[in-house]
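Student: Just dropping this structure here.
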Amino acid sequence: MEEKDLSNPRMGVFICRCGINIGAYVNVPDLVEYAKQLANVVHAEHNLFTCSEEGISAIKRGIKEHNLNRVLVASCTPRTHEPLFRAACEEAGLNKYLFEFVNIRDQCSWVHMHEPEKATAKAKDLIRMGLAKARLLQPLAEIEMKVAPAALVIGGGVVGMEAALNLANQGFDVHLVEKESELGGLLRSINKLFPANKEAVKLFKPLGEEVMNHPKIKTHLSSEVKQVTGFIGNFNVTLDGKSEDNQVTVGTIVVAVGAEPLKPIGQYGYGKMANVITQLELEERMKKGEPVGQNLVMINCVGARVPERTYCSRICCMTAIKNAFLTKESNPKAKVWILHRDLMTYGVDFEDYYRKTMELGVRFIRYSLERPPEVVGEGKLERIKVYHELWRREIELPCDTLVLTTPLVPAEGNQNISRMLKVSLDEFGFLLEAHLKLRPVEFAMDGIYICGSARWPTDVTEGISQAYAAASKAAGPLRMGFVKAEAINAFVDEDECSGCGICEVLCSFQAIELQDRDGKRVSHVNEAVCKGCGTCGAACPSGAISMHHFTDEQILAQVQALFS
Amino acid sequence: MNKEDGRKSVLVIGGGIAGIQASLDLANMGFKVYLVEKSPSIGGRMAQLDKTFPTNDCAMCILAPKMIEANSHPNIELLTYSEVEEISGGIGKFRVRVKKKASFVDRSKCTGCGLCQEKCPWKVDSEFELGLGKRGVIYIPFAQAIPRVATIDKEHCVYLLKGKCRACEKVCSAKAIDFEQKDEHIELRVGAIIVASGLGLYDITSLTEYGYRKIKNVITAIEFERLTAASGPTMGELRRPSDGRTPENIAFVQCVGSRDFRNKAYCSSVCCMHATKEAMLAFEHHPGTKSTIFYMDMRAVGKRFQEYVARAKKEYDVTYVRGRPGRIEVDPENDNPIIWYEETISGRVMSFEAELVVLAQAMIPQITKEFADILGIELNEDGFVKVPDKLAQPLDTTKPGIFACGYVHSPRDIPDSVTQASGAAGRAAEEIASLGSRGGE
C-alpha cells in the first residue's frame, strides 16, 4: 500500500440516513453542511445507506477524488459496521485505522426520537468530536501470528466427541479431555433417544470407539483442564489427570461440557417418597428393564418456568413424551398421564411424535402454574390431584410412580471454565455466546467455541449440529495457519515506567509481564494477547501506558472539541 | 480444468442467512465457494424482517454486514439471479451446471444508481414488499441489495413483450442496459453441496374461515413485518389496509395452517416468537397499542424466549389467550375483524373485535420435488429435505456429499439456522478432507 502523506489532514465525512432510522429524526443534510465548515474537512456527503454497496463506493470514490487521508462515517454503530467501513478505506488505499466512527443512530436518532432538534444538535457535537480525534489518528498495523495446528475439546459427551472427530477427520491433532473415566457423558444414563427411539448406547458406544481409535485424537480421561494461558493460535493448556503429557499447545478450543438435570429435592415428595423419581431415574430403570407400575403420572416443568428459574429447558417435554410412549408401547395396559403446561413439541418430528403418543393412549392434562398438581399419600405417594382445565374440575389420578420432568441446569464446572477461559456466563450460569442471533457457537474471546447444553439445553440432534458448527469455526484458523491480532493495544513508555507491576496484576488477559531492561524492571505488553481494553492504561500511576488509537492526546482533543 | 479443483470448492444453494453463513465459514476455511441465489439479491427471508427476537436487533442491521462480507470475501463467488440446472457426479467431484439468467443489464457496468427503476414507466407489485409496495419493471429489489445492480423483469417489460419503450436505456449513463442479453450456462466442479434454499409461505387463501384476502384488515405476519420496517412501503408507519389508520387494538392468531391436519400437521416453530415480537413492535411504534395473541401452546423454547414473553406481558401490555379461533368475520360498519374462538379455560365461545388481525401463516420448505430430483436427494412427506439418520448425522441428506441447513431442513429460527449452516460447512469440510486422506477419487 502506498504511504499517504498524513501531515496535513484531509478529512471526508459520510453521514448515513439509514433509510428513516436516522433520517427521520436527525436533520442529516444539515449535518453535512455543518461538517463542511469544520477544519480540514474537504468533503462531506450523506447516503441513504452508507453500508450499501452504493455507500461503500461513495467512500472509496471520496478517498480517491479528494485525496482523503482521514475518513469519518456517522451512522448506526461500530459494533456491526466498523469492519465494513474500515475495509472500504483499506480497499481505497487508506490504512483502516485512519477511519473514525461516529454513532448517530444508537446515540442520537434512537434515544432522542421525540426531540429531533436536540438529536441533531447532539449529532453535530459527536461529529465535531469525532473529527477532532480523526485529525490525530495514526496508521497502525495488525500482527500476523502462526496457529498451532491442533485443537482442544473439553467434554467427552456425544457433542464433544463429534466435534473432536470432525476436527480430527480434517487432519488436525485433537486433545479430548473428559473428567469421567469413560466417554459418553449424560447419554450413559439415558435409555433411548427421540425421535427415532434409538438406544443411546448405540450412539455413544461406537462414537467412543471411533474416538479412542482415531490416530489424530488423544483422549485424556479422568482429566480436567487446570490452566489455560495464551491466545488464539497458541493456547498453552495444562491438564490435571492421569495422562502423562499434561502440557499441550493448541490453536483453538471447543467447549462441550454439557449440563445436568435438576434434582428436585423437596418438590412433590421427591427425596421423601420412594415412588417419586425424575425422568433420568426413570430412564435408568427402563434401561435395566425394571417395572415402573401400572399407573404412571408425569409432571412437567418441575423447577422450570417458575419465578426462581424462569427459563424453558427445551428438551424436557419431548423427554417426558418419549418415556410415556415407550412405557405405553411396552405395556399397553399401563395408564400414563402427562401433566404439562405449554407443550414444546416444535417442528415436524416432535409434533408427529406427540400425536402418535396421544394415539397410543397416553393422556395429556394441562395444568397452570397457579394451580399446580398435588400429591396425596403418607410415606408413599398414592394419588395425584390435579385441576383439569378442560373439564373445569379437580380430578384424582391413581399413581404407582410419579415422574418429575426437570430442566437441565448449568454444570457446576461452568464457573471454572468461565474463569479459566475468560468467557462469560449468562444470568442462569450457562456459558454466554458472542451474539445470541448470529454468533451462537462462538465466544466473545477469539479462538474459543461453544456447543451443546453448556450454552443452552439442547437435544442430541441439535447438539451434534452445534458440534459440527463449533468444529467448523475452530477449523478456520487451523486451516489458514495464521490469525491477525488487533492493532489497538497497549504500549508502554519504558522511560516513564516505574516497574510497580500494578498493570501486570490487573490485566485480565495475562498480556503484561515485568521484564528486565538494562537492569531496570519495566512492564512489557504481549501485543498478540492484549485486547486493548485499557484497564492498564487507566491504572498506571506513572502515566506510562497508552492505548494505540485511544491516546490521551486523541481523547483530550475530543473533550476539548465538545466544550469548544 | 484441474482434476483437483473440485475438492477445494463447495456449492451453496440459497443466499439467505443460512447460505451466507455456510459460505462464510467455508470461505474462512479456505474453500472456494459458489453461492447460487435465484433472485437478484442475496439476503433471503431475513432481509424482509423488521426486527428479530429475542434481542429486537434490526434484522437488516445485523444481516447487511454479513451480506457485504459474503460479497467482498475473496473466496466467495456470488452467482445471483442464477439457478442450478443439472448436477452429475458425486462427492469430491460434482459437476454442476448453473444458468445465469438474462437480466438484460450488464451487471459489471451497472452502478446501482437506481435512476432506471425510478424512470421506468411501468410499475408492478414488489415481491420483496409482498405486493404492499410497487417496483419498476427494471428494479433493484431493496435498498441494501447485494449486489446492487438492476434487473429487468422480462415477464413485464413492455419493450421485451411489445417492442416499444427502452426508457431505462435512455436514462442509463453507464450504458449497462443490454436487451440482447441471453441466459448463460456455466459449469462448476465442486467437492460438496450445501442446500440452504430456505422457507416459503403456505398459501392460506383456501383457509376461508380466517378471511385472508377477503377481509381487508386481516394480514399475515410477514406483511406486518414490512409495515413496521423502516424501509417498508409505509416507511415504518403501521397503518391498517382499510383506511390507513394506526390500529390501537391488534389481534394475533397463531397456527394458521400449522398444527392442522387439513393443511400442515407440523408446528412451524417460529410463529409464537414472531407474534410476540410483532406485538412489542406495534407498542413501540405507537405506545399504548393493545395486542392480544390467540395461541395453542406458547412455544418459547429458545435462549431467553420465556423472559421475552414475560417482558411482552409486563412492559408491552400483551395478553395471551389460549384458544384456537374458528372463524373471523368483519363488522361492515368499521371494517374491524371479529374473531370467534373458544376460550379453553372457561370453555365458552366468545368473540373479540380487533382493528387489525395478524395471521401466523404456516411456513413451508422452499424446494420442489423437481429440484430435489436434480440434486438427487429425497424429501420427506412434508417436503423438507429428508435426513436418513437424524441422530448421528443430522445435516446429511440421502446423497453423500450433499448437506442441508436452515428452514429447508426443518422448521427453525435464525440462530438455529445459522448454527446448522456452520455445521453443514463443517461436515462438507470433513467429508472432503476424508476423501483426501483415503487417497480416493
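The values are calculated or read from the model by the stated rules, or taken from the named source; none is laboratory data. All of these numbers come straight from a predicted model, not from anything done at the bench. Don't worry about glycine lacking a Cβ; one is built from the backbone with ideal geometry, like all the others, and counts go over all protein chains shown.
Student: Which residue is nearest to B:A230 (Cα to Cα), if the candidates are limited to region B:53-68 and must be in a loop (DSSP other than H, G, I, E, B) and not hydrophobic (A, V, I, L, M, F, W, C)? Explain how you work it out, then say what you get.
Tutor: Step one: of region B:53-68, the residues in a loop (DSSP other than H, G, I, E, B) are B:53-56.
Checking the rest, the ones that are also not hydrophobic (A, V, I, L, M, F, W, C) come to B:54-56.
Working: B:P54: 19, B:T55: 18, B:N56: 14 Å.
Among those residues, the one meeting the criterion is B:N56.
Student: Please verify whether region A:326-340 includes one or more residues that are assigned to a loop (DSSP other than H, G, I, E, B) and closer than 24 Å to A:P407 by Cα. Walk me through it before giving the result.
Tutor: Of region A:326-340, the ones assigned to a loop (DSSP other than H, G, I, E, B) are A:331-334.
Within this subset, residues satisfying the condition of being closer than 24 Å to A:P407 by Cα are none.
No, region A:326-340 has no match at all.
Student: Now for a separate question. Keeping to region A:1-22, report how many residues are free of Cβ contacts under 8 Å to residues at least 12 places away in the same chain and either of a type in the set (A, V, I, L, M) or touching a His at 6+ places or on another chain (Cβ under 9 Å) (or both).
Tutor: The total comes to 1.
Student: When you go through A:E412, A:E394, A:E378 one by one, which is the residue that is more than 11 Å from chain B (Cβ to nearest Cβ), more than 28 Å from A:P149 (Cα to Cα) and part of a strand (DSSP E or B)? I'd like the intermediate steps shown before the answer.
Tutor: Values: A:E412 fails: part of a strand (DSSP E or B); A:E378 fails: part of a strand (DSSP E or B).
On inspection, the qualifying residue turns out to be A:E394.
Student: OK, next. Give just the number: which of (1) more than 14 Å from chain A (Cβ to nearest Cβ); (2) closer than 17 Å to B:Y407 by Cβ; (3) not in a loop (DSSP other than H, G, I, E, B) does B:E278 not satisfy?
Tutor: Of everything listed in (1) more than 14 Å from chain A (Cβ to nearest Cβ); (2) closer than 17 Å to B:Y407 by Cβ; (3) not in a loop (DSSP other than H, G, I, E, B), B:E278 misses just condition (2).
Student: Something else: Given the condition without any contact (Cβ under 8 Å) to a residue 40 or more places away in the chain and outside any strand (DSSP E or B), answer yes or no: does some residue in region A:121-135 qualify?
Tutor: Kept after step one, since they are without any contact (Cβ under 8 Å) to a residue 40 or more places away in the chain, are these residues of region A:121-135: A:121-122.
Narrowing further to those that are outside any strand (DSSP E or B): A:121-122.
Yes, region A:121-135 contains a residue that is without any contact (Cβ under 8 Å) to a residue 40 or more places away in the chain and outside any strand (DSSP E or B).
Student: Right, here's the next one. Do you know which residues across region A:97-120 are of a type in the set (S, T, N, Q) and either touching a residue at least 40 places away in the same chain (Cβ under 8 Å) or assigned to a helix (DSSP H, G or I) (or both)? Break it down into steps so the answer makes sense when it comes.
Tutor: The initial filter retains those residues of region A:97-120 that are of a type in the set (S, T, N, Q), namely A:103, A:107, A:109, A:120.
Those that are of a type in the set (S, T, N, Q) and either touching a residue at least 40 places away in the same chain (Cβ under 8 Å) or assigned to a helix (DSSP H, G or I) (or both): A:Q107, A:S109, A:T120.
Student: Keeping to region A:456-509, report how many residues are out of contact with any strand residue (DSSP E or B) (no Cβ under 7 Å at 6 or more places or on another chain), outside any loop (DSSP other than H, G, I, E, B) and over 30 Å from A:C316 (Cα atoms).
Tutor: 7
Student: Considering only residues that are hydroxyl-bearing (S, T, Y), closer than 28 Å to A:C301 by Cα and either more than 12 Å from chain B (Cβ to nearest Cβ) or outside any helix (DSSP H, G or I) (or both), which ones fall in region A:419-455? Talk me through it step by step, then tell me what you get.
Tutor: From region A:419-455, those hydroxyl-bearing (S, T, Y) are A:424, A:449, A:453; that's our starting set.
Retained after the next criterion (residues that are closer than 28 Å to A:C301 by Cα): A:424, A:453.
Once the filter is applied, which keeps residues that are hydroxyl-bearing (S, T, Y), closer than 28 Å to A:C301 by Cα and either more than 12 Å from chain B (Cβ to nearest Cβ) or outside any helix (DSSP H, G or I) (or both), region A:419-455 yields only A:S424.
Student: Scan region A:226-233 and give yes if some residue there is closer than 29 Å to B:F305 by Cβ, at pLDDT below 95 and outside any helix (DSSP H, G or I), otherwise no. Don't jump to the end; show me each part of the working.
Tutor: Narrowing region A:226-233 to residues closer than 29 Å to B:F305 by Cβ: none.
Checking region A:226-233: not a single residue is closer than 29 Å to B:F305 by Cβ, at pLDDT below 95 and outside any helix (DSSP H, G or I).
Student: Now for a different question. Every residue in region A:70-100 that is surrounded by 19 or more Cβ atoms within 10 Å (Cβ to Cβ) and closer than 19 Å to A:L31 by Cα, please.
Tutor: Within region A:70-100, A:R70, A:V71, A:L72, A:V73, A:A74, A:S75, A:C76, A:F99, A:E100 meet the criteria.
Student: Every residue in region B:185-232 that is outside any loop (DSSP other than H, G, I, E, B), among the basic types (K, R) and not assigned by TED's automatic domain parsing to the domain that holds B:L78, please.
Tutor: Step one: of region B:185-232, the residues outside any loop (DSSP other than H, G, I, E, B) are B:185-190, B:192-195, B:199-201, B:208-210, B:218-228.
In the following step, the residues that additionally are among the basic types (K, R) were identified as B:189, B:226.
Correct list: B:R226 only.
Student: Then there's this: Can you say whether B:S242 is more than 24 Å from B:C61 (Cβ to Cβ), in contact with an Asp or Glu (Cβ under 8 Å, 6 or more places away or on another chain) and hydroxyl-bearing (S, T, Y), as far as the supplied structure shows?
Tutor: Working: more than 24 Å from B:C61 (Cβ to Cβ): yes; in contact with an Asp or Glu (Cβ under 8 Å, 6 or more places away or on another chain): yes; hydroxyl-bearing (S, T, Y): yes.
The answer is yes for B:S242.
Student: Continuing with the same structure: When the residues of region B:365-376 are filtered to those that are among the β-branched types (V, I, T) and surrounded by fewer than 22 Cβ atoms within 10 Å (Cβ to Cβ), which remaining residue is nearest to the other protein chains (Cβ to nearest Cβ)?
Tutor: At the first step, the residues of region B:365-376 found to be among the β-branched types (V, I, T) are B:367-368, B:374.
Checking which are surrounded by fewer than 22 Cβ atoms within 10 Å (Cβ to Cβ) leaves us with B:368, B:374.
Working: B:T368: 18, B:I374: 23 Å.
Step by step, filter region B:365-376, then rank; the result is B:T368.
Student: With B:A251, B:A192 as the choices, which residue is crowded, with 20+ Cβ neighbours inside 10 Å and touching a helix residue (DSSP H, G or I) at 6+ places or on another chain (Cβ under 9 Å)? Can you show your working first?
Tutor: On the way: B:A251 fails: touching a helix residue (DSSP H, G or I) at 6+ places or on another chain (Cβ under 9 Å).
From the options B:A251, B:A192, the qualifying one is B:A192.
Student: On to the next question. Tell me whether region A:144-155 contains one or more residues that are of a type in the set (V, I, T), in contact with a Ser or Thr (Cβ under 9 Å, 6 or more places away or on another chain) and part of a loop (DSSP other than H, G, I, E, B).
Tutor: Applying the first criterion (of a type in the set (V, I, T)) to region A:144-155 yields A:147, A:153-154.
Within this subset, residues satisfying the condition of being in contact with a Ser or Thr (Cβ under 9 Å, 6 or more places away or on another chain) are A:147.
Imposing the further condition that a residue be part of a loop (DSSP other than H, G, I, E, B) reduces the set to A:147.
Checked region A:144-155: at least one residue is of a type in the set (V, I, T), in contact with a Ser or Thr (Cβ under 9 Å, 6 or more places away or on another chain) and part of a loop (DSSP other than H, G, I, E, B).
Student: Name every residue in region A:308-325 that is in a loop (DSSP other than H, G, I, E, B) and more than 10 Å from chain B (Cβ to nearest Cβ), in order of residue number. Full working, then the answer.
Tutor: Filtering region A:308-325 for residues in a loop (DSSP other than H, G, I, E, B) gives A:308, A:310-315.
Scanning region A:308-325 gives a single hit, A:E308.
Student: Show me the helices (runs of 4 or more DSSP H) found entirely inside region B:69-172 where at least 3 residues are within 14 Å of another protein chain (Cβ to nearest Cβ). It would help to see each step written out before you state the result.
Tutor: On the way: elements: B:115-119, B:158-162, B:167-171.
It comes to B:115-119.
Student: Still on this structure, I have one more. So, in region A:42-63, exactly how many residues are facing another protein chain (nearest Cβ under 10 Å) and in a loop (DSSP other than H, G, I, E, B)?
Tutor: Kept after step one, since they are facing another protein chain (nearest Cβ under 10 Å), are these residues of region A:42-63: A:48-49, A:51-57.
If we keep only those that are in a loop (DSSP other than H, G, I, E, B) too, we end up with A:48-49, A:51-52.
Summing the residues that are facing another protein chain (nearest Cβ under 10 Å) and in a loop (DSSP other than H, G, I, E, B) in region A:42-63 gives 4.
Student: Out of region B:416-441, which residues are out of contact with any Gly (no Cβ under 8 Å at 6 or more places or on another chain) and more than 9 Å from chain A (Cβ to nearest Cβ)?
Tutor: Listed by number, the residues that qualify are B:R438, B:G439.
Student: Give region B:403-421 a look and list any residue that's of a type in the set (V, I, T) and over 15 Å from A:V348 (Cβ atoms), or say none.
Tutor: Keep residues of region B:403-421 that are of a type in the set (V, I, T), which gives B:408, B:414, B:418-419.
Answer for region B:403-421, where residues must be of a type in the set (V, I, T) and over 15 Å from A:V348 (Cβ atoms): B:I414, B:V418, B:T419.
Student: Could you tell me whether A:H66 is touching a Leu at 6+ places or on another chain (Cβ under 9 Å) and at pLDDT 95 or above? Working first, answer last.
Tutor: On the way: touching a Leu at 6+ places or on another chain (Cβ under 9 Å): no; at pLDDT 95 or above: yes.
No, not satisfied.
Student: May I ask you to list the residues in region B:398-415 that are out of contact with any Leu (no Cβ under 8 Å at 6 or more places or on another chain), closer than 24 Å to A:A200 by Cα and more than 7 Å from chain A (Cβ to nearest Cβ)?
Tutor: Matches in region B:398-415: B:T398 only.
Student: Shifting gears a bit: Might you check whether a residue that is under 30 Å from the mean Cα position of the chain (by Cα) and modelled with pLDDT under 95 occurs anywhere in region A:20-29?
Tutor: Yes, because at least one residue in region A:20-29 is under 30 Å from the mean Cα position of the chain (by Cα) and modelled with pLDDT under 95.
Student: From the list A:K179, A:K218, which residue is surrounded by fewer than 23 Cβ atoms within 10 Å (Cβ to Cβ), touching a His at 6+ places or on another chain (Cβ under 6 Å), over 21 Å from B:T419 (Cβ atoms) and more than 14 Å from every other protein chain (Cβ to nearest Cβ)?
Tutor: On the way: A:K179 fails: touching a His at 6+ places or on another chain (Cβ under 6 Å).
On inspection, the qualifying residue turns out to be A:K218.
Student: Search region B:281-322 for residues being within 13 Å of chain A (Cβ to nearest Cβ), among the hydrophobic types (A, V, I, L, M, F, W, C) and not in a helix (DSSP H, G or I), and hand back the single one that is farthest from B:E248 (Cα to Cα).
Tutor: The residue in question is B:V301.
Student: Is it the case, given these coordinates, that A:Q138 is of a type in the set (S, T, N, Q), surrounded by fewer than 19 Cβ atoms within 10 Å (Cβ to Cβ) and in a helix (DSSP H, G or I)?
Tutor: Values: of a type in the set (S, T, N, Q): yes; surrounded by fewer than 19 Cβ atoms within 10 Å (Cβ to Cβ): yes; in a helix (DSSP H, G or I): no.
Criteria not met by A:Q138.
Student: Evaluate region A:236-258: report whether one residue or more is of a type in the set (D, E, K, R), within 14 Å of chain B (Cβ to nearest Cβ) and closer than 30 Å to B:S434 by Cβ.
Tutor: No: region A:236-258 contains no residue that is of a type in the set (D, E, K, R), within 14 Å of chain B (Cβ to nearest Cβ) and closer than 30 Å to B:S434 by Cβ.
Student: Residues that are surrounded by 22 or more Cβ atoms within 10 Å (Cβ to Cβ) and more than 21 Å from A:M161 (Cβ to Cβ): does region A:449-466 have at least one?
Tutor: No, region A:449-466 has no match at all.
Student: Further, regarding this structure: Can you pull out the residues in region B:323-345 that are away from chain A (no Cβ under 14 Å) and touching a Leu at 6+ places or on another chain (Cβ under 8 Å)?
Tutor: Quick first cut of region B:323-345, residues away from chain A (no Cβ under 14 Å) only: B:325-341.
Within region B:323-345, B:P337 is the sole residue that qualifies.
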